[in-house]
1. Just checking, how many residues over the stretch 152-186 are more than 13 Å from Val217 (Cα to Cα) and part of a loop (DSSP other than H, G, I, E, B)?
2. Taking only pairs six or more apart or across chains, which ones have beta-carbon atoms under 7 Å, a first residue in the stretch 100-118 that is in contact (Cβ under 8 Å) with a residue 24 or more places away in the chain and assigned to a loop (DSSP other than H, G, I, E, B), and a second residue that is surrounded by 15 or more Cβ atoms within 10 Å (Cβ to Cβ) and among the small types (Gly, Ala, Ser)?
3. Select from the stretch 69-120 the residues that are polar (S, T, N, Q) and at negative phi and list them in ascending order.
4. Wholly within the stretch 18-98, which strands (runs of 3 or more DSSP E) include no fewer than the required count, namely at least 3 residues that are modelled with pLDDT of 85 or more?
5. Check Pro80 against each of (1) closer than 30 Å to Ile185 by Cα; (2) assigned by TED's automatic domain parsing to the domain that holds Gln293 and name the one condition it does not meet.
6. Give me the residue from the stretch 113-142 that is surrounded by 18 or more Cβ atoms within 10 Å (Cβ to Cβ) and touching a Gly at 6+ places or on another chain (Cβ under 7 Å) and, out of that set, nearest to Thr89 (Cα to Cα).
7. In the stretch 187-202, what residues are in a loop (DSSP other than H, G, I, E, B) and either touching a Lys or Arg at 6+ places or on another chain (Cβ under 9 Å) or in the same structural domain as Thr39 (by TED's automatic domain parsing) (or both)?
8. Among the residues of the stretch 46-56, is there at least one that is touching a Gly at 6+ places or on another chain (Cβ under 6 Å) and crowded, with 19+ Cβ neighbours inside 10 Å?
Amino acid sequence: MLLYYFKLAMLSIRKTPLLSFLMIATIAIGIAATMITYTVNYMMTQDPVPGKSDRLFTVHLSSWDPNVGYRMKDGKEDIPIFMTYQDATNLYTDQRAHKQTIISFHKAMVRSAAQPRGQATMTYLRPTTHEFFSMLNVPFLYGSPWDASDDSQGSQIVVLSKKKNEQLFQGENSLGREVVIGGLIYRVVGVLDEWLPLPRFYTERSDSYSEPRGLFVPFQSSINNDWLSGTDGSVYCWGGADLIDLNALKASECVWLFYWVELASAELRDDYLAYINRYAQEQKALGRFQREQMNRVMNVAEFIEYNEVVNKDGRIAVWLAMAFLIACLLNTMSLMMTKFHGKGAEVGLRRAVGASKVDIARQFFCETVIIGLAGGAIGLVLALLGLYVTSEVYSHLHAGLMEMNLSLMLLTIGSSVLASTVFGLYPIYKACQIQPSSQLKSL
């Protein structure tokens, strides 16, 4: 019987092609606009480290100028999200967490040893420690991370991103091959597989939706080589530090390094914070950390929120798009009212020969479902096209933000059908109230 109602619905749509097309197109445009903005916002708010985000913490210390506050946030004095070299190395050496890592930044001209100097390109590097890869669940295509001895020695070895490996070695297994970084020879020990954490939570907000850096090197090797590129990342100083001299920077109170830890369980957070507070008291006794102690450890979700990685404008855009969708659906409802009213004579005839109000409602309900399916299918195509155009226009953003997964595609179709049927209920109700006698007189 249901197939019969769908058949009647299809005949009805064919009899009024222009009106039906307008309804489908209106729904498609509204759904496409909503899903474009929703997809971007949805991808921005994903858990970048599923299963571990509640055990990963960034550490912030009250190490700033005793006379001048760092900055104000939400009307309260704040502390830096970065750490000094001496604090990062002190905590790292202490090894009080299950795992810990120091994260720095650098940029240099990079080429493979086989390429001429003219083919070198400016590349952003990520000096860090070997724990970085296991802490963040970084997958490897070839090789593996370096080990603790390479960290302590500052070995000149490098891990390449998959994209950088394709640029330098055409995607081949490059283990053991040489890369020239800033004029120095580094040996490849690993190549990452596809790894696109969204957002890139472990660094500055400005880098949250760009691709991970192309090369990863031991943090100590960047120190050994006096690598310092202040224009590549944030360095905040007080006390007259010389930013040109790396040794002066290391001995200063400048903050510029991220420090992350992984605890064996989220319940150990308070214990680790207590350790951080004891460390701060020790530093205060040495003449440092003279401000009020507001030390903190923040997990991934907390840091993403604190760092305002997800712009509030994105949420507003989603609400505006949904308001636009509702406006489209109201227009569709008006068109349905017009169409169903125009079918009054047909409804009256069907009622006169024995069709009930429920039969009429089922027919028109099937019609709204078909219109919703068609609108959803076209809306999905428009949304995918819109996301592609957006990715081309905003090429500095991670392409993964503009990609729909299967669940979002199904949501697009399902939302269209649901919206079409919900906003079609009133026109259906009005159509069912048509009296056969009033319509038969006009036949």
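The values are calculated or read from the model by the stated rules, or taken from the named source; none is laboratory data. All values derive from a computational prediction rather than experimental measurement. With ideal geometry, Cβ positions are generated from the backbone for all residues, glycine too; neighbour counts draw on all protein chains shown.
1. Total satisfying the criteria: 9.
2. Listed pairs, sorted by first residue: Ser104/Ser222; Phe105/Gly233.
3. Correct list: Thr84, Gln86, Thr89, Asn90, Thr93, Gln100, Thr101, Ser104, Ser112, Gln115, Gln119.
4. 56-60
5. That leaves (1) as the condition not met.
6. Taking the candidates together, the pick is Tyr124.
7. The answer is Asp193, Glu194, Trp195, Pro199.
8. The answer is no, given that none of the residues of the stretch 46-56 is touching a Gly at 6+ places or on another chain (Cβ under 6 Å) and crowded, with 19+ Cβ neighbours inside 10 Å.
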